[in-house]
Each structure stands twice: as structure tokens, then as C-alpha cells.
1. Using θ = phi - 60° and the Karplus relation 6.51 cos²θ - 1.76 cosθ + 1.60, list the HN-Hα couplings for the stretch 41-49 in order, rounded to whole Hz, with x at every Gly or Pro.
2. For the pair Lys34 and Val133, how long in nm is the line joining their label points, each one 7 Å along Cα→Cβ?
3. How big is the dipole moment of the stretch 6-132 about its Cα centre under a simple scheme where the beta carbon of each Lys and Arg is +1, that of each Asp and Glu is -1, and everything else is neutral? Debye, nearest 20, please.
4. With a sphere of radius 13 Å drawn around the Cβ of Phe119, what net charge do the other residues whose Cβ falls strictly inside it have (Lys, Arg +1; Asp, Glu -1)?
5. Calculate, in nm to one decimal, what Glu18 and Asp54 gain on full extension: separation in residues at 0.36 nm each, minus their alpha carbon distance.
6. What translational diffusion coefficient, in µm²/s and rounded to a whole number, does the Stokes-Einstein relation yield for the chain at 37 °C and a viscosity of 0.692 mPa s, taking the hydrodynamic radius as the Kirkwood radius over Cα pairs?
7. Restricting to Cα atoms and excluding each atom paired with itself, what does the Kirkwood estimate give for the stretch 1-53 in Å?
8. Could you check the simple spin-label distance between Val143 and Thr75, using points 7 Å along Cα→Cβ, in nm with one decimal?
Amino acid sequence: MSENRFWETKSLSEMTSEEWESLCDGCAKCCLHKLIDDETDELFFTDLACKLLDVDTCRCTNYLNRLEQIPDCRTFTAENIQDMYWLPISCAYRTLAEGRKLEKWHPLITGDETSVHRFKRSVKGRCISENEVPLEQWQDRIVRWV
């Protein structure tokens with residue numbers, strides 16, 4: 001466990017880029033495609049991962065160049081995190097922005113970068129690449145994970 005619990009003493013805007021990046025627990029839920037119901041504006045997660053996501057490791061295969069390759073990909077900042085309503089409730093960025101504490105399974109708490117997978121809080125083993133499903137079948141891939 002980290003002695004420097006910066007996430008408890010700093011605001012999101014005060015964090016260094018290294019601290020900011022370390023908030024990501026590696027769940028890859030942000031890399032899943034989401035659908036919005038046109039009539040109700042309800043948000044639905046699918047089990048379809050961005051084509052750049054390695055579904056076995058839950059890591060982007062081209063993180064540094066993802067914004068050029070994936071027009072819908074977003075960079076989270078302290079300034080825009082409140083607008084990322086589609087982030088899962090468990091996301092550390094959202095958690096801290098909403099004034100909540102990191103979950104017990106978060107790698108910053110456990111000191112183990114694989115804890116998100118051990119606690120089954122990631123998409124590892126539960127998603128497939130968007131390349132495997134035609135666009136017209138995406139609504140059939142909606143999931144409701146706890």
C-alpha cells in the first residue's frame with residue numbers, strides 16, 4: 001500500500017500527470033461502447049470494446065496515439081471529468097470528483113495493479129472487440145453488470 005495517499009490530500013486539479021494517470025484502475029469500462037436510447041436518453045453499456053483495447057489485459061494497444069485513431073476517444077481532465085456522465089460509478093476519476101473514497105480493490109489501495117481483475121471489477125474476460133460484431137447488432141450486446 002502506498003504511503004503517499006495523494007488522492008486523499010490533493011484535488012484532481014492539483015495532481016501531477018503521473019498521479020492522475022495512476023488513478024486509472026485498468027478496468028477498461030471506459031473503453032466499452034455505450035448506446036443512448038433516443039427517446040429516453042438512457043445510457044446502456046455494451047460488451048463491445050474499442051478496437052484498440054487488448055481484451056485480455058484491459059490495456060489500450062496504442063494509448064499514446066489513440067486520439068488520432070479513435071475520434072470518439074476522450075482524455076479525462078480535472079476540468080472535464082464532471083461532463084463524463086457515462087463513466088461507470090466505480091471509475092476513480094468519477095469517484096474522487098464526486099467526493100467519494102476509492103474502493104478497497106483499487107490498485108492504489110491494494111498496491112497490486114491486478115487487483116481490479118482479481119476482484120472482478122474489470123471487463124477482462126467479459127467483452128469482445130467491436131470488430132467482431134456488425135454495427136446493426138450492437139444493441140443486442142447491451143449488458144448490465146454490477
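1. Taking θ as phi minus 60°, the curve returns 6, 5, 9, 10, 8, 10, 9, 9, 8 Hz for the stretch 41-49.
2. 1.6
3. Charge dipole of the stretch 6-132: 560 debye, to the nearest 20.
4. With Lys, Arg at +1 and Asp, Glu at -1, the net is +1.
5. 10.7 nm
6. Value of D from the Cα-based Kirkwood radius: 202 µm²/s.
7. Kirkwood hydrodynamic radius for the stretch 1-53: 13.9 Å.
8. Roughly 2.8 nm, to one decimal.
Just so you know, all these numbers are worked out from the coordinates, no wet-lab data involved. Everything numeric in this text was worked out from a predicted model, so none of it was measured. No Cβ is skipped: glycine too gets one built from the backbone with ideal geometry, and neighbour counts run over all protein chains shown.
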